[in-house]
There are 2 protein chains.
Amino acid sequence: MLLETYKVACSNCNLRELCMPMGLNQEELQKLDDVVATRRKVSQGETLYRNGDYFTSLYAIRTGFFKTCVSSPDGREQVTGFQMAGEIIGLDGITSDHHNCNAVALEDAEVCVMPFADVEEMSREFPVLQRHVHKIMSREIVRDQGVMMLLGNMRAEERLAAFLLNLVQRLNARGFSRSELVLRMTREEIGSYLGMKLETVSRTFSKFSEEGIIEVKQRWVKILKPDALKRIFDPECFS
Amino acid sequence: MLLETYKVACSNCNLRELCMPMGLNQEELQKLDDVVATRRKVSQGETLYRNGDYFTSLYAIRTGFFKTCVSSPDGREQVTGFQMAGEIIGLDGITSDHHNCNAVALEDAEVCVMPFADVEEMSREFPVLQRHVHKIMSREIVRDQGVMMLLGNMRAEERLAAFLLNLVQRLNARGFSRSELVLRMTREEIGSYLGMKLETVSRTFSKFSEEGIIEVKQRWVKILKPDALKRIFDPECFS
DNA sequence: GCAGAAATTTGACCTGCATCAATACAGAAA
DNA sequence: TTTCTGTATTGATGCAGGTCAAATTTCTGC
């Protein structure tokens, strides 16, 4: 794990429309540059933080791709989310001053370290940032509710369709193709996130492929019929 | 739905050790009394807010019991949580200025209305309150991660055991028995929360009962062997 | 009190996904 | 290149929990 302390700046980061600086004015942006004191590189397979670690900072992902996961005392692992550039992780640590999950880089990554005390201090000064922080936390809560719906009510095909649609939608917001993507995670990790076994993930991919909805080659996926995916996920939206 | 506008006070509320005022000093408490402008009664079966409603306020539950639930466009419903006195609901509305789920009273209830703009204003003034609000949101995120673990990895018996243990633990923190409880929700609502059908919930209750772990009579439940429940939920913690 | 509705329990059967197992494939190191 | 290792695919079989159905209990309104 490398720790770099060179000066960084939100004000000219190309993620500023997605990430923490979103909606801030020039003055606020410059203040934020002070909060985001350092960056940190995390190489593939390494953890940014671990369950039990003392919580000090939130992290804005600058490059790379993460998974967060909790594990039960008997070792079963649940992936709770996949995060990409511009997304904020570490919110789970605020309640108890200790992190409650592991954040693992699925590819070489770099994050901006935002000491939470500084974020709070700046939030008190700038209502826009305060509201933004609240929105980020609330968005996470809403996302989690969506995952509960997936896990509690949806069948394997619906889960995978929703997963793929969500992924391309987020990638598209970052300037990537709306139809092609390279999965950064294994079948097992997808399965863990979606509450199914890796074999079922693989079979469901194959099924979509046979039906001409997608083209799959290992980690590479091309969505041929986005409407068909939407119809699987939510039959009503086409009724 | 009744709307009452009489003066209320956190400063002498008997929930102040659990609820929003937790950890505030005298001065802060008195300020909070101004934020919590009104109370609102919600009778059994009515909704406090609905998916799509404009978001203005958080709500602290004073008395009664709520469920929150999201529903898919085709009508499937997922209960995302059960909330009791002293807990804060409405956080889902912050991201988009619109609520993202329904909050339904499972028994006659009363909530304290906290206009979010006022909460934010006061947070800027009092770091203790700011931190507390952040902790409340973070706690919800951590709770949701736990539900994901339940739904993604646990079997029916484990889910129900975890559910019961969580419920009595929270009731106990409010001065109720650690072994006896009256469920405020139907088998179907429990099932929706835990991702199983009402018949499975019922069967699992019966199984626990046959094994002498609990005593059940409709909504009334007595936990006879808490350790056995813990062992089901988490076999390792006794190994 | 009674009638009807709603919730719960229990049984019989079925299915979607898990499990077990074998094979194929791709990237990394030698 | 070859081997090794982790990942992915595919097939065969089993079972936890879903589905359907019927009986029982409790709740509600009159």
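Laboratory data are not the source of any read-out in this text; all were calculated from the coordinates shown. Computed from a predicted model, the values in this text were never measured in an experiment. For neighbour counting, all protein chains shown are included, and Cβ atoms are generated from backbone atoms with ideal geometry for every residue, glycine included.
See the values below:
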read-out: Identity of the residue in region A:193-219, more than 10 Å from DNA strand C (Cβ to nearest atom) and among the polar types (S, T, N, Q), that ends up farthest from A:Leu151 (Cα to Cα); value: A:Ser209
read-out: Any hit, region B:62-73, residues being more than 29 Å from A:Phe116 (Cβ to Cβ), of a type in the set (Lys, Arg) and outside any strand (DSSP E or B); value: no
read-out: Conditions (1) over 19 Å from the mean Cα position of the chain (by Cα); (2) farther than 21 Å from B:Val70 by Cβ; number of the one not met by B:Val201; value: (2)
read-out: Hits in region B:87-102 - residues which are farther than 18 Å from B:Ser71 by Cβ, within 14 Å of the chain's Cα centre (by Cα) and either among the acidic types (Asp, Glu) or facing chain A (nearest Cβ under 9 Å) (or both); value: B:Glu87, B:Leu91
read-out: Selection within region B:145-174 - touching a residue at least 60 places away in the same chain (Cβ under 8 Å), under 30 Å from A:Gln130 (Cβ atoms) and in contact with a helix residue (DSSP H, G or I) (Cβ under 8 Å, 6 or more places away or on another chain); value: B:Val147
read-out: Index of the failed condition, B:Glu125 passing every other in (1) of a type in the set (D, E, K, R); (2) facing chain A (nearest Cβ under 7 Å); (3) under 20 Å from B:Val35 (Cβ atoms); value: (2)
read-out: Residues (within 26 Å of A:Ala162 (Cα to Cα) and buried (at least 24 other Cβ atoms within 10 Å of the Cβ)) located in region A:106-121; value: A:Ala109
read-out: B:Ser179 vs. criteria within 15 Å of DNA strand C (Cβ to nearest atom), polar (S, T, N, Q) and touching a strand residue (DSSP E or B) at 6+ places or on another chain (Cβ under 8 Å); value: no
read-out: Leading residue by the ranking (nearest to the other protein chains (Cβ to nearest Cβ)) among those in region B:103-122 that are within 20 Å of B:Arg139 (Cα to Cα) and touching a helix residue (DSSP H, G or I) at 6+ places or on another chain (Cβ under 7 Å); value: B:Glu120
read-out: So A:Glu189, is it within 9 Å of DNA strand C (Cβ to nearest atom), of a type outside the set (Gly, Ala, Ser) and in contact (Cβ under 8 Å) with a residue 24 or more places away in the chain; value: no
